[in-house]
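Working notes for the structure below.
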Amino acid sequence: MAFGAKIIVIMAAYNHQKIEAKWQKYWKQKKLFNSKDSVKGKKNYFHLVMFPYPSGALHIGHWYNYAPADVFARFKRMEGYNVLSPIGFDAFGLPAENAAIKRGVEPEKWTLDNIKAMTKQLQNTGNSYDWNRMIITCLPEYYKWNQWIFLQMYKKGLAYRKKAAANWCPSCKTVLANEQVVNGKCERCDTQVVQKEVEQWLLKITDYADRLLEDLETLDWPERTKAMQKNWIGRSEGAELDFPIEDSELKIKVFTTRADTLPGVTYLVLAPEHPLIKTLEARIRNKNSVRDYIENAQRKSELDRLTNVKEKTGVELQGIKVINPFNKRIISVWVADYVLGGYGTGAVMAVPAHDERDFEFAKNFELPIIQVVSEDGKPSELALAFENDGVMINSGELDNLPNNIAKDRIIESIGAKKKINYKFRDWLISRQRYWGTPIPMIYCKECGTVPVPERDLPVKLPKTKDYLPDGLGRSPLAKLEKFLKVKCPECGGPAERETDTMDTFVDSSWYYLRYVDPKNKKAFAESSKIKSWLPAKMYVGGPEHSVMHLLYVRFFTKFLHDEGYIDFKEPFLSLRHQGMILGPDGQKMSKSRGNVIDPDELVEKFGADSVRTYLCFMAEYSQGGPWDPTGILGAYRFLNRVYDLFTRLKLDKKSKAEIAGGKDQKDLNRLLHKTIKKVGEDVAGFKFNTAVSALMIFLNEMEKKKELVNKAMAENYVKILVPFAPHLAEELWQNLGNKKSIHLEIWPEFNKHLIEDEEVELLIQVNGKLRDKVMVSKGILQEGAEKIAMARERIKEFIGANKPKKIIFVPDKLINIVL
């Protein structure tokens, strides 16, 4: 246990190791959680968690994702649904390739060994997965369909090849993934990384931008996740303007959402990669300074350029001026790395009075700042950029107009075009690495770029012992002659295969579909099975995937729908995120901090049921929080108390009577039904912590009044304990004399009439302000409520000698005395 935390293990009232091994074996033998594609009288419910990367070991974060999500799956099964809850492994990726290079282990062996170890760990959690449907994305029978989907996209013009910027190590002579760049340097040789244009494959996700935005409104997803996707897509309505270059026929095209501020443009900024810089090089007087600046910018990743906002750098293109198309003012042109060539037009019009970034840049380089929008129609001394709406000033005939009206007039007056722009870009899927899905394309000198025929899929990843790139920026596959050299499928002449592999996000962009038909060799899934299970009703995973994975999987789904392979447009109708478990010190867990919690050790000491229960109880699921080394002991004690109580209860095992006594037993039964209602509603709402709390509260009452607990009460309590502690619940169920598994039982119904309170809290207001509260009989009439309220000493103080003008009464809620 981390931090040397001393945990005193109570002598267990039950042998959790023996019980958990016993029931896991039983469930496996009975194939209890293997899902049939249809069950008479039951609706299908497809529930899944984000599948893990086979890093080698389940950490407590995996458990926090999977165990509470399994509580929900078990609950839905007991609600009467035919639940499919599958698991698999997102098995391609850079760590396996790094392990191959550093340790001399084949990526496939490293990956499959890790999967074997993690499968055992997952089985020990007691989660109700259908192991018969497990998928592993690095196997040819899976990635064949990655390649097939890619080819369908290629046919529709959605997969294309072009030069795109990539991280390049001049020493290793290879493209690097973002993860391989540490502080701007290559993690292998510590050489400064530069940006280099490399031919790469992209998927045209931007064609789906509007639909990806619009369909978010149909989803039961966290609002924050929807907002992140909207911001990532970055739809903006504006106009495209042309700034003529002085003494030239050329123009610089700019997109802006603030055409109203055009009169205040005082300079233009180009991205370092903007092609006009090279075109105009002969006219640039300080070309050496400009060249040095651009070379320096090429050493930075796009992320560095976007995030390093504290230092505004740039160089003026001396000798180059442009003309403001609105007022014909001659303004300077600069190059700055905060402008990216791939965003918009790669050029921005700078309005320092009305854009904070431009304001800081202008201040730094002593450039003109002209205010053209004002709150009150008067200019002011600007300490910061004024970015709000207002009225026009310093804009000639537009002065005193609201800026939103002036915007349309400016666009019309200069002949600009209104345009919708998007911040996100097409998805670059090429990876110059070994351990991934080969891209199924062939290059022929005669025929050009040719897709691999579908009959020849999968293009299998060949074995090799050399996992280093070839020195020309190509993946290790370029060194394998047998793989590389191939006949052209069209002309039969000599040709070469594509040597890039696919981004691993491709693997996870459709994997949920494969779960419904994982062994199909003729299609990614049979259509009747797709219709039977999909779309998925619930998806559970981390918020770090709000963009990227969750956007890509929606894109793939829409494409497959357009092509008629599926009949739905969104993959996951509902989505829930788990929070992050921090170390006991409140910091993110890491081996270097020594605050990592080992779940295997916890299972050994306390049992899977205790770990599951504590993970559900420790915090609000969507928030997470720091691990409390003593908290697991509390969950362990709770389950021990349950077991201990049930072994000491004197029950008539034949009796099914729910109530057999007086008021005390009725009160206990009423609390049980409130608990059934509370636990069911909380699990459905992913409020696992309050559900466990309700179970604990009722246990306290049972311990106090154990002589009043009958068999029906005991059975109902065990049923609502099942999702959290499935092994213990199964054991108790059998001990209560039941033959069939408790996992075949239905969630108990609560008695609506029984849970109604006989008393309610009545709020007493004076002139609309709360002054007192009192418990009264449920259904009390206004006359009785008035007598009680007027007799309260606190109310008498506020009323004094005044006579009420009016009394407002809301039955069972409040009474308001108006003076």
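The values are calculated or read from the model by the stated rules, or taken from the named source; none is laboratory data. Owing to the predicted nature of the structure, the values given are computational and were not obtained by experimental measurement. We place every Cβ from the backbone using ideal geometry, glycine too, and count neighbours over all the protein chains shown. Heads up: the accessible areas ignore ligands, DNA and RNA and are worked out on the full protein's heavy atoms, side chains in. Shrake-Rupley method; radii C 1.70, N 1.55, O 1.52, S 1.80 Å.
What the table below lists for this structure:
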| read-out | value |
| --- | --- |
| Unmet requirement for Thr218, which otherwise passes all of (1) surrounded by fewer than 16 Cβ atoms within 10 Å (Cβ to Cβ); (2) in contact with a strand residue (DSSP E or B) (Cβ under 6 Å, 6 or more places away or on another chain); (3) not hydrophobic (A, V, I, L, M, F, W, C) | (2) |
| Any chance Leu212 is within 20 Å of the chain's Cα centre (by Cα), in contact (Cβ under 8 Å) with a residue 12 or more places away in the chain and surrounded by 16 or more Cβ atoms within 10 Å (Cβ to Cβ) | yes |
| Search result, residues across the stretch 145-172 that are buried (at least 19 other Cβ atoms within 10 Å of the Cβ), out of contact with any helix residue (DSSP H, G or I) (no Cβ under 8 Å at 6 or more places or on another chain) and at pLDDT 95 or above | Gln147, Phe150, Tyr154 |
| Test: residue in the stretch 279-297 that is crowded, with 16+ Cβ neighbours inside 10 Å and either in a strand (DSSP E or B) or among the polar types (S, T, N, Q) (or both) | no |
| Criterion violated by Glu237 - all others in (1) farther than 30 Å from Asn296 by Cα; (2) open to solvent by 60 Å² or more (accessible area, probe 1.4 Å); (3) assigned to a helix (DSSP H, G or I) satisfied | (3) |
| Single condition Gly126 does not satisfy, out of (1) open to solvent by 20 Å² or more (accessible area, probe 1.4 Å); (2) touching a residue at least 12 places away in the same chain (Cβ under 8 Å) | (1) |
| Pick from the stretch 314-336, criterion open to solvent by less than 10 Å² (accessible area, probe 1.4 Å) and touching a residue at least 60 places away in the same chain (Cβ under 8 Å), ranking: nearest to Glu381 (Cα to Cα) | Ile331 |
| Residue ID - modelled with the highest pLDDT, chosen from residues in the stretch 634-676 that are open to solvent by 80 Å² or more (accessible area, probe 1.4 Å) and under 23 Å from His753 (Cα atoms) | Lys666 |
| Selected residue (only one of Tyr614, Tyr539 is under 21 Å from Glu217 (Cβ atoms) and buried (at least 18 other Cβ atoms within 10 Å of the Cβ)) | Tyr539 |
| Complete set of residues in the stretch 451-464 that are free of Cβ contacts under 8 Å to residues at least 24 places away in the same chain and under 30 Å from Arg188 (Cβ atoms) | Pro462 |
| The stretch 756-781, residues that are free of Cβ contacts under 8 Å to residues at least 40 places away in the same chain, more than 30 Å from Leu668 (Cβ to Cβ) and loosely packed, with under 14 Cβ neighbours inside 10 Å | Lys769, Leu770, Leu781 |
| Every residue from the stretch 422-474 that is polar (S, T, N, Q) and modelled with pLDDT of 90 or more | Ser430, Thr437, Thr449, Thr464 |
| Residue check for Tyr26: open to solvent by 10 Å² or more (accessible area, probe 1.4 Å), touching a residue at least 40 places away in the same chain (Cβ under 8 Å) and within 21 Å of Ile581 (Cβ to Cβ) | no |
| Condition check for Glu703: touching a helix residue (DSSP H, G or I) at 6+ places or on another chain (Cβ under 8 Å), surrounded by fewer than 20 Cβ atoms within 10 Å (Cβ to Cβ) and not in a loop (DSSP other than H, G, I, E, B) | yes |
| Number of the condition not met by Asp470 [criteria: (1) open to solvent by less than 60 Å² (accessible area, probe 1.4 Å); (2) within 23 Å of Glu141 (Cβ to Cβ); (3) among the charged types (D, E, K, R)] | (2) |
| Top-ranked residue in the stretch 473-498 [being open to solvent by 20 Å² or more (accessible area, probe 1.4 Å) and assigned to a helix (DSSP H, G or I); ranked as nearest to Cys169 (Cα to Cα)] | Lys479 |
| Qualifying residue in the stretch 720-739 (condition: within 43 Å of the chain's Cα centre (by Cα), surrounded by fewer than 12 Cβ atoms within 10 Å (Cβ to Cβ) and not in a strand (DSSP E or B)) | yes |
| Condition check for Ala73: over 30 Å from Trp435 (Cβ atoms), part of a helix (DSSP H, G or I), out of contact with any Leu (no Cβ under 6 Å at 6 or more places or on another chain) and modelled with pLDDT of 95 or more | yes |
| Output for the stretch 382-423, where each listed residue is of a type in the set (Val, Ile, Thr) and within 30 Å of Thr206 (Cβ to Cβ) | Ile410, Ile411, Ile414, Ile420 |
| Check on Ile746, modelled with pLDDT of 90 or more, more than 30 Å from Leu721 (Cα to Cα), among the β-branched types (Val, Ile, Thr) and outside any strand (DSSP E or B) | no |
| The lone exception for Gly607 - which of (1) farther than 19 Å from Pro543 by Cβ; (2) open to solvent by 60 Å² or more (accessible area, probe 1.4 Å) it fails | (2) |
| Check on Ser592, surrounded by 21 or more Cβ atoms within 10 Å (Cβ to Cβ), of a type in the set (Ser, Thr, Tyr) and over 25 Å from the mean Cα position of the chain (by Cα) | no |
| Residue in the stretch 251-258 that is assigned to a loop (DSSP other than H, G, I, E, B) and in contact with a Gly (Cβ under 7 Å, 6 or more places away or on another chain) present | yes |
| Only listed residue being over 23 Å from Lys522 (Cα atoms), aliphatic (A, V, I, L, M) and surrounded by fewer than 19 Cβ atoms within 10 Å (Cβ to Cβ), chosen from Val182, Val175 | Val182 |
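The rows are residues; the columns are (1) without any contact (Cβ under 8 Å) to a residue 24 or more places away in the chain; (2) part of a loop (DSSP other than H, G, I, E, B); (3) basic (Lys, Arg); (4) buried (at least 17 other Cβ atoms within 10 Å of the Cβ).
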site: Phe359; (1), (2), (3), (4): no, no, no, yes
site: Ala362; (1), (2), (3), (4): no, no, no, yes
site: Ile370; (1), (2), (3), (4): no, yes, no, yes
site: Leu382; (1), (2), (3), (4): no, yes, no, no
site: Asn388; (1), (2), (3), (4): yes, yes, no, no
site: Asn394; (1), (2), (3), (4): no, yes, no, no
site: Ala406; (1), (2), (3), (4): no, no, no, yes
site: Glu446; (1), (2), (3), (4): no, yes, no, no
site: Thr449; (1), (2), (3), (4): no, no, no, no
